[in-house]
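Just below is one structure, and these are the notes that go with it.
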Amino acid sequence: MIDVVLPALNEASAVAWVVGRMPAGFRPILVDNGSTDATASIARAAGATVVHEPVEGFGSACWAGLQAATSRIVCFMDCDASLDPVALPLLVGYVEREEADLVIAERIARRGAWPPHARLANRVLTAEVRRRTGLPLTDLGPMRVIRRDTLLGLGMTDRRSGWPLEMVLRAAGAGLRVRSVPVEYRERAGRSKVTGTLRGTVRAVLDMSRMLRVGSTAIVAHDDTPGRHHGGKRPCT
């Protein structure tokens, strides 16, 4: 059984679909991050394990889910129906075959699925990550797969929107093999608390910019030796 962490805040319109699409052998762990709707009860009725995390923040929810997970490999993904859980076995396969240590879904967006301001913010941040780490990433998407003990060993500290970026920076600094895999990105159900509003996107960008400004120097041990990347392990694409 492979655990799938689903951070959620007021996702009543999407959670049944997400949990219902979970592949065989994958256990959904929904982390309710203060929902005021029926997200938790719907998730439980659909068969998910429900964890309540009262401390607000995407990173707080992810961390709570990681603590609740027990599987050797752990997955993370949004619970808004923008990403289909049926893609998870594809990503997990790279980790199981030891072809990658961290696998990130590269979002291939349907028309209208990705608001322009959110797409631009992601593009700018990803370009900065490429510049600082040498990783050939084009997206910092929320669907990820990594071994649980590997993630715990990275020493993650962010509990807000900087969590996805910190994971990549720490993985690069530790010399992990990072691979991106194209996955279809659909229009989400309901309104996003981050990308659906300009204010939410600005808040996420500020959190990630803070992570780049404060943490990247210590996190990323960049090696400029020709032909080497991050401790000698070559990034995957």
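Values in this text are rule-based calculations from the coordinates and carry no lab data. Just so it is clear, the structure is predicted and the values come from calculations on it, not from any experiment. We place every Cβ from the backbone using ideal geometry, glycine too, and count neighbours over all the protein chains shown.
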Report task. Would you mind ranking Arg97, Arg72 so that the residue whose beta carbon has the fewest other beta carbons within 10 Å leads the list? Result -> Arg97, Arg72
Query raised in the report: Once both labels are modelled 7 Å past Cα along the beta-carbon direction, what's the Glu98-Met1 spacing in nm?
Result: 2.7 nm
Query raised in the report: When only Cα pairs under 8 Å and 6 or more residues apart are kept, what is the percent relative contact order across the stretch 1-81?
Result: 44 percent
Query - Rg/Rh (Cα only; Kirkwood hydrodynamic radius) as it applies to the stretch 28-79 - result: 0.94
**Report entry** Potential extension, His52-Arg21 segment - 0.36 nm per residue separation minus Cα distance
**Finding:** 9.0 nm
**Report entry** Cα Rg, Dmax, the stretch 14-105, angstrom units
**Finding:** 13.2, 41
